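Read the figures in this text as sums done on the coordinates, not as results from a lab. All values derive from a computational prediction rather than experimental measurement. When we count neighbours, we look across all protein chains shown, and the Cβ atoms used for this are built from the backbone with ideal geometry, even at glycine.
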Amino acid sequence: MCITYGIIRRMQPTIIGVRFNPTGKIYHFNCSTIPDIRVGEYVIVDTARGKHLGEVTQVFTEPPPPPEGGWKNVERRATPRDLILRQTWEERQTEALTACRARAAELGLNNIKVIAAEFNYDGSRLAFFFSAETEDKVELKSLRKDMQKLYTQAQVELRQIGPRDVAKILGGMGACGLESRCCSRFLTDFSPISIKMAKEQGISLTPSEITGMCGRLRCCLVYEFEQYVEARKNLPKRGKMVVTPQGEGKIVDIQPLSGLLLVEIPTIGSRWYSVNDLQPKEELAALQRKANLHHDPLEDGECNCQNGEPQT
């Protein structure tokens, strides 16, 4: 049995997670041909957009489900020369970005903004990232052709990105005051965000309160959303009538995570109470009706009599 298990283990591929940027997505590759790969090493992989150099961030002990078409293979470990080569081409990215912006201005492409330029590790590919101010399709064949003439050694491509990706690349202070935005610090992917998340957490729907620097709903709205939803399941809703130790009142505000409710009582005003100190008025009334329904008058010494004799 141990021998069989060992054979199965050897047959399983070695899958690693590779990241190409410090806060980029993690992609999975088959590293079975390279022994003793470790987290923190650098590898050369063949992607849909050519060869790239990335950092190993994960080594799976059990391979995850393969994607459609299977995993791509790791080509080899990166050498010190590869790392120096990548640094050399990274230093030329600002020059390429300036040249592309200047040419776009000459062509009158005022409805686009060229955000960044990125060479792969050996300079064989050059990608320009841009954002468009309109939803109309932008004709960029002339711009790409001119950039290809200028950088003949590389295959040039133009990629359109959305507002959140623009904010991620540019960085800067967050709307909350943090020195760098969440997307630039640690977010590797953007989760779907809705107004409902702000409502569930009791956040003001004022645009300045829920909108990030990218002009979209803030990514942080999703951080505690599930905790608020779970906490609210055990709390009464706003507007509900409850019975407090000081009398009946109506719930006007809720703090879900602390389990506190603000109750407005006509006689004394608004007071904060723990959920354990409150009783729903409707449930209390229902219990009283049920108690009265099963009440036996004889238990209290009551009788329906005429002339001291029970009436039949």
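Positive-end ranking of Ser208, Gly259, Ala116 along the dipole of the chain, with charges on Cβ about the Cα centre, is headed by Ala116.
Centre-to-centre, using Cα atoms only, the range 143-187 and the range 56-121 are separated by 11 Å.
So for the range 89-161, averaging the separation of alpha carbon pairs under 8 Å that are six or more residues apart and normalising by length, what relative contact order in percent results? Normalised by residue count, the contact order of the range 89-161 is 31 percent.
Assuming R0 = 45 Å, can you tell me the calculated FRET efficiency for the pair Ile84 and Lys233, based on Cβ-Cβ distance, to the nearest 0.05? Here the calculated transfer efficiency is 0.20.
Listed by chain and number, the aspartates and glutamates whose alpha-carbon sits under 18 Å from that of Lys113, ignoring those within fewer than 8 places in the same chain, are Glu95, Glu133, Glu135, Asp136, Glu139, Asp146, Glu157, Asp165. Shown is the FRET efficiency for Lys145 and Lys72, computed with R0 = 30 Å from the Cβ-Cβ distance and rounded to the nearest 0.05: 0.50.
If you wrap the Cα atoms of the chain in a convex hull and average its projected area over all directions, you get 33.7 nm². Charge dipole of the chain (Cα centre as origin; +1 on each Lys and Arg Cβ, -1 on each Asp and Glu Cβ, all else neutral): 1720 debye, rounded to the nearest 20. A full extension of the chain between Ser258 and Glu95 corresponds to an added length of 53.3 nm, given 0.36 nm per residue minus the alpha carbon distance.
For the range 39-139, just say rounded, prolate or oblate: build the C-alpha gyration tensor, square-root its eigenvalues into a ≥ b ≥ c, call rounded for a/c under 1.5, and beyond that prolate if a/b exceeds b/c, oblate if not.
Judged from the Cα gyration tensor, the range 39-139 comes out oblate (a/c at least 1.5, b/c at or above a/b).
Only lysines eight or more places from Lys51 in sequence, or on another chain, were considered; those with a Cα closer than 17 Å are Lys25, Lys72. Here Lys240 is the anchor, and the lysines within straight C-alpha reach of less than 17 Å, apart from those fewer than 8 places off in the same chain, are Lys250, Lys281. For the chain, a Gaussian network of Cα nodes joined below 10 Å ranks Val114, Val229, Val43 by mean-square fluctuation, and the top entry is Val229.
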